[in-house]
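See below for the structure under consideration.
The values are calculated or read from the model by the stated rules, or taken from the named source; none is laboratory data. This structure is a prediction, so every number in the text was calculated from the model and none was measured. All Cβ positions, even for glycine, are placed from backbone atoms using ideal geometry, and neighbour counts span all protein chains on display. All accessible areas refer to the heavy atoms of the entire protein, side chains included, with ligands and DNA or RNA removed. Shrake-Rupley method; radii C 1.70, N 1.55, O 1.52, S 1.80 Å.
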Amino acid sequence: MILIIVYEIKASTIGTLWILCTLTMSIIFTLKNYHWIKVFFTHHNYLNILFLCAGILISCIHLNVFYYSYDTPKWLIFDLVTSFCIIYFFKNKQTIIFSYFGVVVLLFIYYMLASIIWAANKTAAIELSLRFINAVLFIYFLINHFDKDKLQTIFLNTCFLSALAFSILFYFERYVLGHTNYNVGNYSPIGFMNNAGAVFNVWIPALILNSIKQFQRKNTFLLITVIITTIAIVSILMEAATRGTIIGLTIFEIIVFFMVFRKNKKRAFLYITITSLLLTGMVTYKLSDALQSGRLEGKFLALSTNLAAASDKRIQLYKNTWEMTLDNPMGVGINNFEFNHPKYGKPGTEFSSPYINENQILTTPHNLVLKIYSELGLLFGSVFVLILLYLLITAFINALKGCFIDKWLFVALGATLFHSMLSAVLITPVSLFFSCFLIGLIIIRIDYPIIQLSITTINIPKSVKGLYLITPFIFIALMYASYLSFTGYKQDNYEKMKQAILINPYHSRTLYNLSFYEIGANRDTTQSLFYIDQFLKSYPYHISGLQIKAERHYQLKEYRLATQTIDHLLHFYPSYQTANRLKLQINSKVINESSKEQQ
């Protein structure tokens, strides 16, 4: 795995050795000298080592052998680690204890699995369903396998070392390797710019909490290291200018500030640490040229003076998504928003959702709740809201009645849920991985339950245990299909792309590329039409896909089918000029053919 990472970041020999040595020596030095992490290696507790390594890898790894070079390998780490822990749990546990909350989650899972039946892209639906089940069982495993002090130690240490490794790699790639050709999609080792902000919702409160713990233990070296790491993360956040993270952390820290202020005015000011750091970062960047032409200042100016204008597209997206929900009260199937939204996105109009056109796609409504509403319908969208509210209220009660640890955990969860209303939080691998630890720690620290914690115990069927053994292989197979698809396309290797389809028949990008390959390399219009038809079964409202299908029918002189396809496209994208021109050509051909027949 290390060799793959070294190859993919394309570092020089000296640079590669530098980053590996820095990471290795920093961890070894810490292991050797400080008690706080020696626990990872005592009593053969290899699970803790697994979490530490997984946290660092999932925060840093990116491989240029997939279409999604950041998310795909990170998802595999999440999938394998959670699957391993669940299999380990099933091996040692014969029963599962259910609460009322657990029953609600179980019903939600059942409906999620049922929605696969009517989902257009069944592989995408199965993939997210398995990951949600993995996340739920992984949280249950953490709660039952560790006591709250041990889980707290694992959470804080994993967040700290992952943030440290991420920071080192971020600045190393940017300033040592000279990777200045970055954009929104490859902004950091986590990938997409907002994805980093999604993780910072958890990391920054965890780092603040860790610094308090090190101060209490008088670990000067670790205290300084944690503070430097915190400043580095805040600096990266300021450069990225992720509004959801900044606003979310500030709002929930202020809530905690007033929560404590009524009891202890002096101690309350400890709980505006993040706000102080963010304000300091804003002032620092405003006074310097490091903000890249005033990116952060511009965002906050838009936020404070013209919020409505800056949010018009996002608000319209939310309206279109809600219209999609009302038109599909049972939902379109889990993880199938992307494949159905163009129908409701009103492309080519002033009411269009962003990124809905012949050249771009919209994968998420940038709101987790609306995504679930559109995919699972009104009833189970509401159930999902109740699940999130239960977690938030639980964290709030813990913070209100618990110690300073609970207050920082409430800030982390509150900021994460707030950000999830504005971006794809909790459905990205790094965010979900650390959020599982956060949620597990909040639940295990419940001293004042708002509902009865346990109502029944059920035996785990052996068939379920046996079936779960194949889960890691499903994820590996899907990743391998993505690898074959990408490398096959890049190498113009038809056989690799065919293999990808054999593994994952719903791999839409491969089907789309194969259609172009057949018409370009083989001049086979019929086979090209076959692949685009297969593609549209899993992506029924893809604008370019429908245009290509109509063109293939036209080339095969199937004018009636071409007209049906183009009319279907123009029904939800009436201003699409390319489609309108093709329709005129089809009509002209039909008229000419009719004239010839009459003669």
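With (1) surrounded by fewer than 22 Cβ atoms within 10 Å (Cβ to Cβ); (2) more than 25 Å from residue 362 (Cβ to Cβ) as the list, and residue 388 as the residue in question, which single condition is left unmet?
(2) is the only condition that residue 388 fails.
Hey, among 201, 210, which residue is within 19 Å of residue 416 (Cβ to Cβ), over 23 Å from the mean Cα position of the chain (by Cα) and not β-branched (Val, Ile, Thr)?
On inspection, the qualifying residue turns out to be 210.
Restricting attention to the stretch 484-498, and to residues there that are closer than 20 Å to residue 474 by Cα and surrounded by 16 or more Cβ atoms within 10 Å (Cβ to Cβ), which single residue is farthest from the chain's Cα centre (by Cα)?
496
Out of 224, 254, 231, 208, I need the residue that is farther than 21 Å from residue 165 by Cβ and either touching a residue at least 60 places away in the same chain (Cβ under 8 Å) or open to solvent by 10 Å² or more (accessible area, probe 1.4 Å) (or both). Which one?
254
Please find, among 376, 413, the residue that is modelled with pLDDT of 95 or more, open to solvent by less than 10 Å² (accessible area, probe 1.4 Å) and over 24 Å from residue 210 (Cα atoms).
So the residue among 376, 413 that is modelled with pLDDT of 95 or more, open to solvent by less than 10 Å² (accessible area, probe 1.4 Å) and over 24 Å from residue 210 (Cα atoms) is 376.
Given the conditions (1) within 21 Å of the chain's Cα centre (by Cα); (2) in contact (Cβ under 8 Å) with a residue 12 or more places away in the chain; (3) assigned to a loop (DSSP other than H, G, I, E, B); (4) over 30 Å from residue 165 (Cβ atoms), and given that residue 387 satisfies all but one, which numbered condition is not satisfied?
(3)
From (1) of a type outside the set (Ser, Thr, Tyr); (2) over 29 Å from residue 338 (Cα atoms); (3) in contact (Cβ under 8 Å) with a residue 40 or more places away in the chain, pick out the condition that doesn't hold for residue 118.
Unmet condition: (2).
I'd like the residue in the stretch 541-589 that is of a type in the set (Phe, Trp, Tyr) and under 17 Å from residue 358 (Cα atoms) and, out of all such residues, is surrounded by the fewest Cβ atoms within 10 Å (Cβ to Cβ).
That would be 572.
Please go through the stretch 102-118 and give me each residue that is more than 22 Å from the chain's Cα centre (by Cα) and either open to solvent by less than 40 Å² (accessible area, probe 1.4 Å) or farther than 14 Å from residue 136 by Cα (or both), ordered by number.
Within the stretch 102-118, 102, 114, 117, 118 meet the criteria.
Based on what the data block shows, is residue 148 more than 26 Å from residue 480 (Cβ to Cβ) and open to solvent by 50 Å² or more (accessible area, probe 1.4 Å)?
On the way: more than 26 Å from residue 480 (Cβ to Cβ): yes; open to solvent by 50 Å² or more (accessible area, probe 1.4 Å): yes.
Spelling it out, residue 148 is indeed more than 26 Å from residue 480 (Cβ to Cβ) and open to solvent by 50 Å² or more (accessible area, probe 1.4 Å).
When you go through (1) touching a helix residue (DSSP H, G or I) at 6+ places or on another chain (Cβ under 6 Å); (2) loosely packed, with under 12 Cβ neighbours inside 10 Å one by one for residue 592, which number turns out not to apply?
(1)
Would you say residue 361 is surrounded by 24 or more Cβ atoms within 10 Å (Cβ to Cβ) and either in contact (Cβ under 8 Å) with a residue 24 or more places away in the chain or of a type outside the set (A, V, I, L, M) (or both)?
no
Only residues that are open to solvent by 10 Å² or more (accessible area, probe 1.4 Å) and within 21 Å of the chain's Cα centre (by Cα): list them for the stretch 82-95, please.
The answer is 84, and nothing else.
Among the residues of the stretch 298-319, are any farther than 28 Å from residue 548 by Cα, modelled with pLDDT under 90 and either within 19 Å of the chain's Cα centre (by Cα) or buried (at least 21 other Cβ atoms within 10 Å of the Cβ) (or both)?
Yes, the conditions are met somewhere in the stretch 298-319.
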